[in-house]
Amino acid sequence: MKTCLMNLGALSLTIVLFGFGCGNVSRVSSDGGGSDSTLNIGPSARGCAPCTGGTVCSMGLCVCEPGRMRCNGTCANVLADPKNCGACGSACPAGEVCSLGKCSSTCAASLTSCGGACVNVKADDAHCGACGRKCTSGKRCSDGACGCPAGLSDCGGTCVDLRQDPQNCRECGSACKGGNVCSPVGCVANCGPGLTSCGRACADLNSDRRNCGACDNACTAGTMCAGGVCTCPAGLSLCDGGCVNAGSDPANCGGCGIKCGRDQVCNQGVCVATCATNLMTCGPSCVDVGGDRNNCGSCGARCPDAQVCSAGQCHVVCTSGQTVCGLECVNTTTDPRSCGSCTRACAVGEMCVGGNCMAPAGTGGAPGTGGAPGTGGAPGTGGVPGTGGAPGTGGAPGTGGAPGTGGAPGTGGSDGTGGAPGTGGTGGSDGTDGAAGDDAGGQSDGPTE
């Protein structure tokens, strides 16, 4: 999916294309003064055909870098261009120079005339340190010398990213062999979690300005990559794929596509004749040089991409969840180059998880087997059986005399507790008849038998 932003006068359009770049999209407008906003867009890996006239591809559109205006097919610096001094097509008379957007006989202080253009040789990429000395191979002019932008290193005169260049991986001349790719920790077989292989380079699609959201989708024209989307730093607006200050940009004064007239300046988002007293006139722009990234500290002193101007100095400003490391924004919880802190890099093959360097996770072990079942306890023994009670004793035999009565039968023994019942006692013996008593002093009454 590709999002193409266009402005047609007062009409703003957003076009979303699935499966294609912003091919063959064009916008044509004219301000009557030679301004040319035609954007010829053809299909390519990033949505643009080869951009010409000093333009760069941004979000599918060929646009001028911040601080430049599209004039007759070429990006011009209206602060210094004697053919477009202050506005497109406004040429200075012969013998005069263009100084801060106005034709003059001499350049303003601290500026140098190079072919009628008054430039700051300390910061001009086309005249770095001296007229005609151009910075090439990705270098930018800083303090009068060409050098690599923040995050890049000079390897044999060319600016490269040692974290992604397979020919110069982690150090100049160290090439990745075979099918290895270049990652922030060196040449590896696979990029690992959190990184995507773009060609033979490992990229974090959430923050990589050259691969933002997708491989080869570069953030240019002042935009920065945050969360996989090219966006503008705080205080700037996105117009036609580039970041502008709608408060001072004469081509987008107060809003995208609102152009000031030839003799007007953009003052706090309104086209007027002169700038407010607290602002500096930099060509057709009224700027606060303490906070304008295209005129930071002085007219024409532009901050590098993804930086903002504060107190007249260029600074890196990161979005939520990112940390300033040097001159770039990184996520120290996932970036193996700066894991936990800006100065801590993970070893080759390690990944950054939660700000800690960790080896790739191994595979889980085989599940454990269950223990052997326990054996039952020994069965309990029964109680000791009760013993039988002692058997009962027989009754004593009767005594003679009066006829004895039969002895009472013996009582059975009491039952034994818990035992067999006791046996009954034996009966007593029958008593004997007593002897016949004597008659006192006489005979017996009857005959004897």
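Regarding region 195-207, can at least one residue be identified that is of a type outside the set (G, A, S), at pLDDT below 85, surrounded by 17 or more Cβ atoms within 10 Å (Cβ to Cβ) and not in a strand (DSSP E or B)? No, region 195-207 has no match at all.
Yes or no: I15 in contact with a Ser or Thr (Cβ under 8 Å, 6 or more places away or on another chain), part of a loop (DSSP other than H, G, I, E, B) and at pLDDT below 80? Please lay out each step first, then the result.
Working: in contact with a Ser or Thr (Cβ under 8 Å, 6 or more places away or on another chain): yes; part of a loop (DSSP other than H, G, I, E, B): no; at pLDDT below 80: yes.
The answer is no for I15.
Listed by first and then second residue, the pairs linking a residue in region 173-189 that is touching a residue at least 40 places away in the same chain (Cβ under 8 Å) and at positive phi to a residue that is of a type in the set (V, I, T) and surrounded by fewer than 18 Cβ atoms within 10 Å (Cβ to Cβ), with Cβ atoms under 8 Å apart and 6 or more places separating them unless they lie on different chains, are G186/V348. Just checking, how many residues over region 211-228 are surrounded by fewer than 17 Cβ atoms within 10 Å (Cβ to Cβ) and closer than 18 Å to C62 by Cα? Total satisfying the criteria: 1. The residues listed here are T38, T3; of these, the one that is in a strand (DSSP E or B) and either surrounded by fewer than 21 Cβ atoms within 10 Å (Cβ to Cβ) or at pLDDT 85 or above (or both) is T3. Of the residues G192, G257, G235, G247, the single one that is at pLDDT below 85, surrounded by 17 or more Cβ atoms within 10 Å (Cβ to Cβ) and assigned to a loop (DSSP other than H, G, I, E, B) is G192.
In contact with a Gly (Cβ under 7 Å, 6 or more places away or on another chain) and either modelled with pLDDT of 90 or more or surrounded by 14 or more Cβ atoms within 10 Å (Cβ to Cβ) (or both): does that describe R170? Answer is yes for this residue. Summed over region 60-77, residues that are in contact with a Ser or Thr (Cβ under 8 Å, 6 or more places away or on another chain), crowded, with 22+ Cβ neighbours inside 10 Å and touching a residue at least 24 places away in the same chain (Cβ under 8 Å) total 6. Against the test of being among the aliphatic types (A, V, I, L, M) and in contact (Cβ under 8 Å) with a residue 24 or more places away in the chain, the options V324, V308, V272, V265 yield a single qualifying residue, V308.
Can you go through A175, A123 and tell me which one is hydrophobic (A, V, I, L, M, F, W, C), modelled with pLDDT of 90 or more and not in a strand (DSSP E or B)? Walk me through how you get there before you give the answer.
Values: A123 fails: modelled with pLDDT of 90 or more.
Step by step, each of A175, A123 is checked, and only A175 is hydrophobic (A, V, I, L, M, F, W, C), modelled with pLDDT of 90 or more and not in a strand (DSSP E or B).
Free of Cβ contacts under 8 Å to residues at least 60 places away in the same chain, out of contact with any strand residue (DSSP E or B) (no Cβ under 9 Å at 6 or more places or on another chain) and in a loop (DSSP other than H, G, I, E, B): is that true of D292 in this structure? The answer is no for D292. If only residues of region 290-309 that are under 14 Å from N245 (Cβ atoms) and surrounded by fewer than 18 Cβ atoms within 10 Å (Cβ to Cβ) are counted, the one that is farthest from the chain's Cα centre (by Cα) is G290. Here C215 qualifies as modelled with pLDDT of 90 or more and under 19 Å from the mean Cα position of the chain (by Cα).
Considered as a group, the residues in region 96-145 that are of a type in the set (D, E) and surrounded by fewer than 18 Cβ atoms within 10 Å (Cβ to Cβ) include one that is nearest to R302 (Cα to Cα), and that residue is D125. Looking only at residues of region 271-286 that are closer than 17 Å to I258 by Cβ and outside any loop (DSSP other than H, G, I, E, B), we find that the one that is farthest from the chain's Cα centre (by Cα) is V272.
The values are calculated or read from the model by the stated rules, or taken from the named source; none is laboratory data. Quantities reported herein were computed from a predicted structural model and do not represent experimental measurements. Don't worry about glycine lacking a Cβ; one is built from the backbone with ideal geometry, like all the others, and counts go over all protein chains shown.
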